[in-house]
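Let me begin by presenting the structure, written as structure tokens, before commenting on it.
Here, each number is a calculation from the coordinates, and none is a lab measurement. Keep in mind the model is a prediction, meaning the values are calculated, not measured. Neighbour counts are summed over all protein chains in view; Cβ atoms, including those assigned to glycine, are modelled from backbone coordinates with ideal geometry.
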Amino acid sequence: MTLVDELKDRFGVEPILRVIGVAVSTYYGWRAQAANPSARRRQDEELAVEIAEVHDVSGGTYGSPRVHAMLRRQG
């Protein structure tokens, strides 16, 4: 959908979506979610940052079981 945003001024949204076979409602739904993400999506993004931090602190050696255990210990 980023491509549509980049090209919309040049070609318009609907013609681009027609060519790539995406419904207009899908595009505008994506835009609405990007502008106002759900609580779950915000929590997932925060958790992804924490996972990356634990993985980095381990020197890239921890896999998912150890990362999970570390996050559980941290609360």
Of every Cα-Cα pair in the chain, the percent that sits beyond 15 Å = 66 percent
Spin-label zone in the range 1-16 - amide nitrogen under 18 Å from a point set 7 Å from the Cα of residue 41 along the C-beta vector | 1-6
Kindly state, to the nearest 0.05, the FRET efficiency for residue 68 paired with residue 24, given R0 = 25 Å and r defined as their beta-carbon distance.
-> 0.05
Cα long-axis angle, helix 2-11 against the chain (0 to 90 degrees, to the nearest 10) = 20 degrees
Can you list the residues of the range 26-60 with backbone N under 15 Å from a point 7 Å past the Cα of residue 14, pointing along Cα to Cβ?
-> 26-28
